[in-house]
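**Q** Could you have a look at this structure, given as structure tokens, before my questions?
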Ligand code: NAD
Ligand code: ZN
């Protein structure tokens with residue numbers, strides 16, 4: 001590993017942080033949005049990338065809207081955590097990992113068993129009232145169910161106002177998915193910044209490092225003395241920041257790394 005003992009550094013630390021992006025969920029069958037055939041390849045983010053924009057699009061072009069919602073559904077419907085998510089959850093159970101900072105909105109880290117997950121771009125597995133701001137717990141199944149209901153409503157030609165598509169909170173406000181759309185502030189930034197600035201090792205897994213402010217966290221970690229380890233089959237904008245680049249798929253590299261950490265712990269005891 002480039003002469004640096006990554007497993008040894010993790011084994012002797014209880015302040016490891018994982019920063020993850022779309023690539024860690026690629027092996028779960030969730031394509032990155034920008035790749036050919038991805039959501040942003042087929043639909044213009046300038047039109048559907050904001051929540052009000054998406055609602056306007058659905059109402060004004062219901063048949064294209066149905067295609068968009070079905071595309072979204074097919075992305076998330078059958079995805080399950082993969083060995084990469086599971087390895088990160090295992091590092092937390094072993095007491096080495098403090099938290100996962102993720103840009104993903106798919107809820108797969110929690111489903112793999114990770115407990116402390118900072119979702120900078122929110123999640124589809126949670127809703128929020130646009131009136132009273134109450135956070136309403138949900139599951140990906142609830143999200144899929146809502147997509148199905150929207151498709152049925154749009155197909156009935158009865159939709160002329162967002163209130164016809166969205167649920168209502170007990171306060172009367174309309175409820176939306178709690179993901180961060182284009183132009184909206186990221187979530188958990190203060191907490192993520194504190195974690196990045198105080199970790200010993202940062203595992204940067206499956207992110208291209210082009211979406212800010214998440215992309216600034218590895219440099220912050222490195223400047224504060226952390227070992228920055230990139231796990232990605234390809235070089236990225238963050239490769240120059242990383243002390244070590246482990247080239248391969250997260251689902252292959254991370255379980256091997258966790259096995260090596262376990263072996264270290266066994267040798268020490
Ligand atoms: P990105 O699409 O810009 O980059 C993905 C990175 O993952 C690339 O560098 C690629 O080389 C790497 N990669 C591909 N397969 C991999 C694998 N098996 N193991 C490890 N790495 C692999 O992703 P990003 O940096 O997260 O930025 C995209 C934005 O889109 C984010 O804001 C994210 O919120 C959103 N998004 C989320 C999901 C999701 O929730 N699963 C999916 C697509 C996009
Ligand atoms: Zn409310």
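**Q** Given the rule -39500 (n - 2.57) for each run of at least 4 DSSP H residues, summed and divided by the residues of the chain, what is its mean residue ellipticity at 222 nm, to the nearest 500 deg cm²/dmol?
**A** Working: 11 runs with 107 residues, N = 269.
Only helices count here, giving -11500 deg cm²/dmol.
**Q** In whole percent, what relative contact order does the chain give with Cα contacts below 8 Å and a gap of six or more residues?
**A** Working: 484 pairs, mean separation 65.5, N = 269.
About 24 percent, as a whole number.
**Q** Rounded, prolate or oblate: pick one for region 156-195, where a ≥ b ≥ c are the square roots of the eigenvalues of its C-alpha gyration tensor, a/c under 1.5 means rounded, and failing that, prolate if a/b is larger than b/c, else oblate.
**A** On the way: a/c = 4.73, a/b = 2.44, b/c = 1.94.
Cα axes put region 156-195 in the prolate bin.
**Q** State, to one decimal in nm, how far the label point of residue 133 lies from the label point of residue 56, with both points 7 Å from Cα in the Cβ direction.
**A** It is 2.5 nm.
**Q** Give me the distance in nm between label points sitting 7 Å out from Cα along the Cα-to-Cβ direction at residue 219 and residue 157, one decimal.
**A** According to this spin-label approximation, the distance is 5.5 nm.
**Q** Considering Cα pairs under 8 angstrom that are at least six residues apart, work out the relative contact order of region 183-269 and quote it in whole percent. Before the final figure, lay out each step's value.
**A** Details: 105 pairs, mean separation 20.2, N = 87.
Relative contact order here is 23 percent.
**Q** Assuming R0 = 41 Å, what is the FRET efficiency of residue 33 and residue 198, from their Cβ-Cβ distance, to the nearest 0.05?
**A** Numbers: r = 31 Å, r/R0 = 0.76.
Computed FRET efficiency for residue 33 and residue 198: 0.85.
**Q** Run through the DSSP bridge list for region 97-251 and note the antiparallel percent, rounded to the nearest 5.
**A** 45
**Q** What does the extension gain come out to for residue 184 and residue 148, with contour length at 0.36 nm per residue minus their alpha carbon separation? Don't skip to the end; give the middle numbers.
**A** Working: separation 36, 0.36 × 36 = 12.96 nm, distance 2.56 nm.
Contour length minus the Cα-Cα distance gives 10.4 nm.
**Q** For residue 265 and residue 40, compute 0.36 nm times the residue count separating them, minus their Cα-Cα distance, and round to one decimal in nm.
**A** Details: separation 225, 0.36 × 225 = 81.00 nm, distance 4.42 nm.
Working it through step by step, the gained length comes to 76.6 nm.
**Q** Say R0 is 41 Å: what FRET efficiency, to the nearest 0.05, do residue 70 and residue 171 get from their beta-carbon distance?
**A** Values: r = 31 Å, r/R0 = 0.76.
E between residue 70 and residue 171, to the nearest 0.05, is 0.85.
**Q** From the Cα gyration tensor of the chain, with a ≥ b ≥ c the square roots of its eigenvalues, which class applies: rounded if a/c is under 1.5, or else prolate if a/b is larger than b/c, or else oblate?
**A** Since a/c reaches 1.5 and a/b is larger than b/c, the shape of the chain is classed as prolate.
**Q** Full extension from residue 252 to residue 47: what is 0.36 nm times the residue separation minus their Cα-Cα distance, to one decimal in nm?
**A** Values: separation 205, 0.36 × 205 = 73.80 nm, distance 3.72 nm.
Stretched fully, the residue 252-residue 47 segment lengthens by 70.1 nm.
**Q** In whole Å, what is the distance between the alpha-carbon centres of region 57-121 and region 208-222?
**A** 19
**Q** Additional query: Among rounded, prolate and oblate, which fits region 1-65 when a ≥ b ≥ c are the square roots of the eigenvalues of its C-alpha gyration tensor, a/c under 1.5 means rounded, and a/b larger than b/c means prolate? Before the final figure, lay out each step's value.
**A** Details: a/c = 4.59, a/b = 2.99, b/c = 1.53.
Since a/c reaches 1.5 and a/b is larger than b/c, the shape of region 1-65 is classed as prolate.
**Q** Where is the GNM fluctuation largest for the chain (alpha-carbon springs, 10 angstrom cutoff): 25, 74, 208?
**A** Comparing 25, 74, 208 in a Gaussian network model of the chain, the most mobile one is 74.
No lab work stands behind these numbers, since they all come straight from the coordinates. Since the model is a prediction, treat every value here as computed from it, not as a measurement. Quick reminder, even Gly has a Cβ in these numbers, built from the backbone with ideal geometry, and neighbours come from all protein chains shown.
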